[in-house]
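Chemist: Take this structure, written in C-alpha cells, and hold onto it; I'll ask about it next.
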Amino acid sequence: GGSVVNAAILLHGRQPLQAVVKRLDEPRIVIQSVDLGKSRTFTRSSELLAASDPADWTTLPRVALQLTGVAPMDPATSLRRRLERLGGGLVLTLHSAVPKGSGLGTSSILGATVLACLERIFSAETDRAELIERTSALEQDMTTRGGWQDQVGGIHGGIKISRTDPGLVQRPRIEMLEPPPGFLDSIRSRTVLLYSGEKRLARDILEKVVGRHLARDPEAVRIVDRLKVGAEAMAASIRSGDHETFAERLGQYWALKRAFDPAASNQRIEELVAPHRRDLAAWELPGAGGGGFVLMLARDEAAAGRICRRIERRPPNPLSRPFPLDIDPQGLRVTVL
C-alpha cells in the first residue's frame, strides 16, 4: 500500500490542462492538440487501436476512446457503424500548458480530464473514485507505468493525504488537509517552481523503482516504509502549520527518492540548484525525477525573491523559467458549453 501527500495546483492562475469534446454529424473521430498544433482524423477502428507509443501524441486520447467504449476493441469492427449507433462522430481537442515530462503528473491528469470529458458526453455525472481507477488503467494501456497518485492530486482539489491498502487493487482513501490560516500563503511566498528544461520519460525511472521493490531489495523495502512514515509526518506538519517540519520532511523525501534511484537527479539538475543553496530550506523534483520541474522552498520570502532575480539575470538554459503557482481548491471541473 501507499501514502502520498500532494496538491492540485494552478499555474499562472489557471488550470493548465483542458479537453473539449464536440459531436459531429459525420461518423469520424478528429483528435486535435492546441499546444502541439496538430490534428488527425480517424475513420477506421484499426487506426484507433494501433500500438501504444508514449512518443505518439495520439496515444493518450486513443486509449481513452477505447476505455470509454467509443472505439471498438476489435480492429475488424466498423468504426462508422459504432459511431452511427452512438449518434455521430466526435472532435476531441486537448490543450496542455505544461511542458512534456514535467513531473507534475501531466500525463495522468490530462488522461483523467479526457476520460471525464468523454464520459460526460454520454452520461450525466463523473464518479471520481471510478475515474481514478480508469486513469490508472489508461496509464498501463499507454505503457507509461503511472500509479494512482497523480490523478488523485489533480482530480481532487486542495492538499490531501491519500492512502491505499496492500494488494493489486488500489483504491485510495482521500483525507483533505486543512492547514491553519496563513500557512499556505507563507509556503507559497517561499516557493519557486522552476522548469529545468530537462525532459525525461517517467516510465524508465518507474520501472527501475518497481523492479527493486518487487525483487524485495531490503534497502528498497526500508525506503518505501520510510516514505510512508514521511508522508504521515508531512500531513501532520500541514495540519499544525509547522513550517520547520514541512521543510525538513520535503528535504528528507528528496533524499529518500535519490537513495531509491540515483537517476532521480543528475549533474545538470544539481548545477541548476547550486547557485541558490544558501537561500534554500529544501528542494526536490516532483514526480519520478530525472528532469522536469524543480520545486525550491526558500528560507523566507526574501530568499525566494533573490532566487527569482538570479534566474531572471542568468537563466540556467533557454528553456528554464519559473512558474507562478497557487493551490487549486476545486480540482477537476466538467462544464457543458
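The values are calculated or read from the model by the stated rules, or taken from the named source; none is laboratory data. This is a predicted model, so every value here is computed, not measured. Glycine also receives a Cβ, built like all others from the backbone with ideal geometry; neighbour counts cover every protein chain displayed. Accessible surface is based on the protein model in full, side chains and every heavy atom, while ligands, DNA and RNA are left aside. Shrake-Rupley method; radii C 1.70, N 1.55, O 1.52, S 1.80 Å.
Chemist: Angle between the Cα long axis of helix 301-313 and the longest principal axis of the chain, 0 to 90 degrees, nearest 10?
Modeler: Taking Cα atoms only, the helix is inclined about 60 degrees.
Chemist: Determine the share of region 56-101's accessible area contributed by carbon and sulfur atoms, expressed in whole percent, with a 1.4 angstrom probe.
Modeler: C and S fraction of accessible area: 52 percent.
Chemist: So, one more: Alpha carbon centre of region 100-132 versus region 151-227: separation in Å?
Modeler: About 18 Å separates the Cα centre of region 100-132 from the one of region 151-227.
Chemist: State whether region 111-177 is rounded, prolate or oblate according to the following rule on the C-alpha gyration tensor (a ≥ b ≥ c being the square roots of its eigenvalues): a/c under 1.5 gives rounded; otherwise a/b larger than b/c gives prolate, and the remaining case gives oblate.
Modeler: oblate
Chemist: Based solely on its DSSP helices, what 222 nm [θ] is calculated for the chain when runs of n ≥ 4 H residues each add -39,500 (n - 2.57) and the sum is averaged over all residues, nearest 500 deg cm²/dmol?
Modeler: -13000 deg cm²/dmol
Chemist: Further, regarding this structure: Assuming R0 = 45 Å, what is the FRET efficiency of Q267 and A137, from their Cβ-Cβ distance, to the nearest 0.05?
Modeler: 0.75
Chemist: Can I ask one more? Which listed residue (C117, A64, T93) has the Cα farthest towards the positive end of the charge dipole for region 54-138, taking +1 on Lys and Arg C-beta and -1 on Asp and Glu C-beta about the Cα centre?
Modeler: My answer, from the dipole projection, is T93.
Chemist: If the chain between M176 and S240 were fully stretched, how many nm would it gain, using 0.36 nm times the residue separation less the Cα-Cα distance?
Modeler: 21.7 nm
Chemist: Another one. Kindly sort S162, S3, S52 by accessible area of their heavy atoms, largest first, with the probe set to 1.4 Å.
Modeler: S52, S3, S162
Chemist: Where only protein heavy atoms count, and the probe is 1.4 Å, what is the accessible area per residue for the chain in Å²?
Modeler: Roughly 49 Å² per residue, with all protein chains present.
Chemist: Output the 0 to 90 degree angle, nearest 10, between the alpha-carbon long axis of helix 106-122 and the longest principal axis computed from the alpha carbons of the chain.
Modeler: Its long axis makes an angle of about 40 degrees.
Chemist: Placing unit charges on C-beta atoms (Lys and Arg positive, Asp and Glu negative, everything else neutral), compute the dipole magnitude of the chain about its Cα centre in debye, rounded to 20.
Modeler: Dipole about the Cα centre, nearest 20: 640 debye.
Chemist: I want to check the label-to-label distance for R44 and A255. Put each point 7 Å from Cα in the C-beta direction and report it in nm to one decimal.
Modeler: 5.8
Chemist: Ignoring any ligand, DNA or RNA, what whole percent of the accessible area of region 164-224 comes from carbon and sulfur when the probe is 1.4 angstrom?
Modeler: 57
Chemist: Given an 8 Å cut-off on Cα distances and at least 6 residues of separation, report the relative contact order of the chain as a percent.
Modeler: Relative CO of the chain lands at 24 percent.
Chemist: Between rounded, prolate and oblate, where does the chain land on the alpha carbon gyration tensor, with a ≥ b ≥ c its root eigenvalues, rounded for a/c under 1.5, else prolate if a/b exceeds b/c?
Modeler: Judged from the Cα gyration tensor, the chain comes out prolate (a/c at least 1.5, a/b above b/c).
Chemist: 7 Å from Cα along Cα→Cβ at both V91 and K228: what's the point-to-point distance in nm?
Modeler: Those two pseudo-labels are separated by 4.9 nm.
Chemist: Given the pairs K228/K257; K22/K100; K38/K208; K100/K160, which are separated by over 22 angstrom at their Cα positions?
Modeler: Going by Cα-Cα distance, K22/K100; K38/K208; K100/K160 fall outside the 22 Å limit.
Chemist: In debye to the nearest 20, how big a dipole does region 211-285 give about its Cα centre with +1 on each Lys and Arg Cβ and -1 on each Asp and Glu Cβ?
Modeler: 180
Chemist: Working with all protein chains in place, sort L36, L177 by solvent-accessible area computed with a 1.4 Å probe, largest first.
Modeler: Descending order: L36, L177.
Chemist: Computed FRET efficiency, Cβ-Cβ of L337 and D300, R0 35 Å: what is it to the nearest 0.05?
Modeler: After rounding to 0.05, the efficiency reads 0.20.
Chemist: While we're here: Quote to one decimal, in nm, the extra length available between D217 and D127 on full extension: 0.36 nm per residue of separation minus the C-alpha distance between them.
Modeler: Contour length minus the Cα-Cα distance gives 28.7 nm.
Chemist: So, in Å, what gap is there between the alpha-carbon centers of region 289-309 and region 1-74?
Modeler: Measuring centre to centre over Cα atoms gives 33 Å.
Chemist: When a/c is below 1.5 the answer is rounded, else prolate if a/b is larger than b/c, else oblate, so apply that to region 67-150 with a ≥ b ≥ c taken from the square roots of the Cα gyration tensor eigenvalues.
Modeler: prolate
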